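Just so it is clear, none of the values below were taken in a lab; they were calculated from the coordinates. Keep in mind that what you see is a predicted model, and the values were worked out from it rather than measured. Every residue, glycine among them, receives a Cβ derived from its backbone with ideal geometry; neighbour counts consider all protein chains shown.
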Amino acid sequence: MKIHFTGIAGAGMAAVAQMMQDAGHAVSGSDQDVFPPMSTFVEGLGLPVSWRLDAANLPADLDVLVQGASAKLGGDDNVEARAARERGVRVTTFPELVGEATRGRTNTVVAGSFGKATIVALARKLLVAF
């Protein structure tokens, strides 16, 4: 499947893009006003990425466009999402895509304001140990 991420430099979007790439999908993305560390992380994924939003960024045979929720992406006025809809391409969000990709599996989610990385590291250690 060909998947394009509009707003790929969001932490969640980049992680899901990598997840989809690791699952064997052809992934591309775009974003704007991005700086390190996210710009370098996304570039390190080795997928086609554009640092401006433009309908020309969409692959001709695109299957799904994943639209980020950031206000800077323009919501319903996002040029890439609009072009995808005009072409009949399904537009979804990264939580919806993750839900589809993990349907039938048990998921563990860590959320909150502080300590997420620490808790995830601890949980990983425990899950690997047992």
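Quick rundown of the values:
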{"item": "Subset of the stretch 41-66 that is in a strand (DSSP E or B) and aliphatic (A, V, I, L, M) - its residue that is nearest to LEU97 (Cα to Cα)", "result": "VAL66"}
{"item": "Index of the failed condition, ARG105 passing every other in (1) in a helix (DSSP H, G or I); (2) basic (Lys, Arg); (3) out of contact with any strand residue (DSSP E or B) (no Cβ under 8 Å at 6 or more places or on another chain); (4) without any contact (Cβ under 8 Å) to a residue 40 or more places away in the chain", "result": "(1)"}
{"item": "The one condition in (1) under 17 Å from the mean Cα position of the chain (by Cα); (2) part of a loop (DSSP other than H, G, I, E, B); (3) surrounded by 12 or more Cβ atoms within 10 Å (Cβ to Cβ) that VAL110 fails to fulfil", "result": "(1)"}
{"item": "Residue check for VAL16: assigned to a helix (DSSP H, G or I), of a type in the set (Val, Ile, Thr) and under 12 Å from the mean Cα position of the chain (by Cα)", "result": "yes"}
{"item": "Matching option when the condition is in a loop (DSSP other than H, G, I, E, B) and in contact (Cβ under 8 Å) with a residue 24 or more places away in the chain, among ALA69, ALA81", "result": "ALA69"}
